[in-house]
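Chemist: Encoded as structure tokens, here's the structure I'll be asking about.
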Amino acid sequence: MTALLERTTRARPAAPARKPAPRKRRRDRAGYVFLLPWFVGMLFTIVPFFASLYLAFTDYNLLNAPRWIGFANFREMLADPLLRQSMKVTFLYTFISVPASLAVALLVAMVLNKGIRGLAVYRAVFYLPSLLGGSVAIVILWRHIFGANGIVNDLLGWFGIHGPGWTSDPDFSLSTLILLHVWTFGSPMVIFLAGLRQIPVMYYEASAIDGASKWQQFRSITLPLLSPIIFFNLIQSLISSFQTFTQGFVMSGGTGGPADSTLFYNLYLYQQGFSQFHMGYASAMAWMLLVIIAAFTAINFLAAKYWVFYEQ
């Protein structure tokens, strides 16, 4: 009997491969169509991408042909005091502004999630600064607000306080840019608000019946269920903060002053490449920045398994 079953099993023809349903094929085609602009853009960037990798190992000043020098640019970076200062400014800016911005965005999103009237208006008002925060006009306006004779010092003068030149004092210049970054919390706020709307109300109702306080609900319900959104906003904000350029360039007039207090990494890279024409050195700096961003992104992804919770 066993032999008969084995022969029958071997003789049974294999089932034909099931073709994808027409609806699925149409959906796949639609996805590829939406991805097409990205693929086309990649064709225009892939050549400069690998060209910059080659230039990172050369001495190139835009006027003469690149000269291969191996790892000399990277060794020079280790001994460059301005490079260390630019990294210090960038790390300080990132590690203060990103958590502060996300905290303010989450707080405002939770307030707006209470169902207040005119939600669409408030949402647009809070989102608008995130569209304008990195623009030249807003940074110039910010410089005037926090200047020695700006609005902030005028307000402090009403209380008999003589305020410093916030943008011209090395002790406060970076703080004003951090405040500008926090002010542009609109984009993560909108994403937080969408995430809060997806949390079932029954969780809060059940916990309230059990006697849970607002803080316990926030810690045990809101944060765990919102953790994927927090993680997404964290990665986005982290990458953009490491790439900060416009704010420091406009605020300092391209110098990174006062006393290199706003010398961001990207600003120093710009100075090396387009002011001093050390294009090989600037390319090496660009690849170093890529490695730094990739490292911090990888660390966050590794740590995410301990605090990011996805619904099963």
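The values are calculated or read from the model by the stated rules, or taken from the named source; none is laboratory data. Note that the structure is a prediction, hence the values are computed from the model and not measured. Here the Cβ is made from the backbone with ideal geometry for all residues, glycine too, and neighbour counts use every protein chain on show.
Chemist: Scan P258, P228 and give me the residue that is more than 21 Å from F172 (Cα to Cα) and either at pLDDT below 95 or within 19 Å of the chain's Cα centre (by Cα) (or both).
Modeler: The unique qualifying residue is P228.
Chemist: Among the numbered criteria (1) modelled with pLDDT under 95; (2) under 22 Å from the mean Cα position of the chain (by Cα); (3) assigned to a helix (DSSP H, G or I); (4) not polar (S, T, N, Q), which single criterion is violated by L155?
Modeler: Checking L155 against (1) modelled with pLDDT under 95; (2) under 22 Å from the mean Cα position of the chain (by Cα); (3) assigned to a helix (DSSP H, G or I); (4) not polar (S, T, N, Q), the one that fails is (2).
Chemist: Scan the range 126-135 and tell me whether some residue there is over 28 Å from A109 (Cα atoms) and in a helix (DSSP H, G or I).
Modeler: For the range 126-135, residues over 28 Å from A109 (Cα atoms) and in a helix (DSSP H, G or I): absent.
Chemist: Still on this structure, I have one more. So Q243 ticks every box in (1) surrounded by 18 or more Cβ atoms within 10 Å (Cβ to Cβ); (2) modelled with pLDDT of 90 or more but one. Which box is left unticked?
Modeler: With (1) surrounded by 18 or more Cβ atoms within 10 Å (Cβ to Cβ); (2) modelled with pLDDT of 90 or more applied to Q243, the lone miss is (1).
Chemist: Given (1) over 15 Å from the mean Cα position of the chain (by Cα); (2) surrounded by fewer than 14 Cβ atoms within 10 Å (Cβ to Cβ); (3) not charged (D, E, K, R), where does S283 come up short, assuming only one miss?
Modeler: Here S283 clears every test but (2).
Chemist: Among the residues of the range 166-190, count how many are in contact with a helix residue (DSSP H, G or I) (Cβ under 6 Å, 6 or more places away or on another chain) and within 23 Å of L107 (Cβ to Cβ).
Modeler: Of the residues in the range 166-190, 13 are in contact with a helix residue (DSSP H, G or I) (Cβ under 6 Å, 6 or more places away or on another chain) and within 23 Å of L107 (Cβ to Cβ).
Chemist: If we scan the range 160-177, do we find a residue that is in a helix (DSSP H, G or I), under 18 Å from the mean Cα position of the chain (by Cα) and modelled with pLDDT of 90 or more?
Modeler: yes
Chemist: Right, next: I'm trying to understand the selection: among the residues of the range 191-210, which are more than 28 Å from the chain's Cα centre (by Cα) and either closer than 18 Å to A109 by Cα or assigned to a loop (DSSP other than H, G, I, E, B) (or both)?
Modeler: Across the range 191-210, the qualifying residues are P200, V201, Y204, D210.
Chemist: Name the helices (runs of 4 or more DSSP H) wholly inside the range 1-118 in which the number of residues that are over 25 Å from L263 (Cβ atoms) and at pLDDT 75 or above is 1 or more.
Modeler: By residue number, 22-55, 81-112.
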